[in-house]
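Okay, so here's the structure we're looking at.
The values are calculated or read from the model by the stated rules, or taken from the named source; none is laboratory data. Small disclaimer: the values here were computed from a predicted structure and weren't measured. In this analysis, Cβ positions are derived from the backbone assuming ideal geometry, glycine residues included, and neighbour counts consider all displayed protein chains. Note: accessible area is taken over every heavy atom of the protein model, side chains too, but ligands, DNA and RNA are not part of it. Shrake-Rupley method; radii C 1.70, N 1.55, O 1.52, S 1.80 Å.
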Amino acid sequence: MATLKKSASEKTLLPARATASHKKLLSDDGIPINTRDAQFENRCQKFLDVAEQLFLEHGFAGTSVNEVVRLAGGSLATLYANYGNKEELFKAVMNRRVSALYGGIFIGLGRGNAPPKDIRNELLRFAKQLQTQMLSTSSLAVFRLAIHEGPKYPSVRNAFLKNGLNVFLQWLSKYFAALAKDRLQIADSDRAAEEFLTLVQGQQRMIAACGGGKMISRKQRDEHVKRVVEIFLQLYPPL
């Protein structure tokens with residue numbers, strides 16, 4: 001950006017004996033490379049922030065990359081250089097959402113540092129966190145978008161299934177594979193992951209996605225999670 005360019009006089013302030021390694025710290029227009037990288041990263045994050053908001057509010061078809069650039073700032077060339085097209089931009093949004101919404105709930109789980117008798121409580125806490133994320137406003141918005149526009153736009157369907165659902169199932173499978181070492185009788189962690197996810201979402205996710213979230217009381221949510229853990233431990237008993 002123009003406000004960050006250094007004048008010729010400013011450039012002369014650099015020692016004439018600057019080594020090649022020092023020179024590499026500056027771009028051709030005198031801006032520190034680290035600063036330029038940070039600016040580019042900030043711009044990309046702004047693109048994702050605005051794109052996510054527009055995708056959730058207007059859907060995939062109703063969102064234009066021109067509007068993303070107008071609201072985020074920067075240029076269309078920068079957006080295309082980093083994401084290629086709207087499909088890839090949507091995929092990037094999905095990748096970030098999966099990490100933000102679900103990545104944190106795996107921290108500290110399945111590391112074998114808790115005795116086997118505590119597995120029920122660990123699964124209960126985990127199921128509650130997963131349920132909370134599933135029923136969050138933003139998560140439900142993505143779910144509705146995938147259901148509504150996935151059949152019409154393969155890129156939306158693939159982003160939701162491959163970059164959303166499949167990535168989460170891979171994380172969940174690794175968690176259950178860790179539990180299978182000395183805590184639960186799990187022969188197939190992939191299958192266990194699919195069954196656990198199916199049990200947790202139950203009918204409540206669909207009810208909430210249809211606008212009936214207020215119909216689900218806290219007591220119903222808690223009872224559902226407890227039932228999920230009971231059923232899962234019947235399928236995969238503790239060792």
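Overview of values
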{"item": "Rounded percent of accessible protein surface that carbon and sulfur make up, the range 137-239, 1.4 Å probe", "result": "54 percent"}
{"item": "Within the range 195-239, trypsin sites (Lys or Arg not before Pro) in DSSP loop having at most 11 other beta-carbon neighbours inside 10 Å", "result": "none"}
{"item": "Built amide H within the under 5 Å cut-off of Leu184, gap 5+", "result": "Leu239"}
{"item": "Square roots of 5 times each gyration tensor eigenvalue, C-alpha, the range 67-222, largest first, Å", "result": "32, 20, 14"}
{"item": "q = 0.15, 0.18, 0.31 Å⁻¹, the range 187-232: log10 I(q)/I(0) [Debye, one scatterer per Cα]", "result": "-0.43, -0.58, -1.09"}
{"item": "Dipole moment magnitude, nearest 20 debye, the range 162-206 about Cα centre, only Lys, Arg, Asp, Glu C-beta charged", "result": "140 debye"}
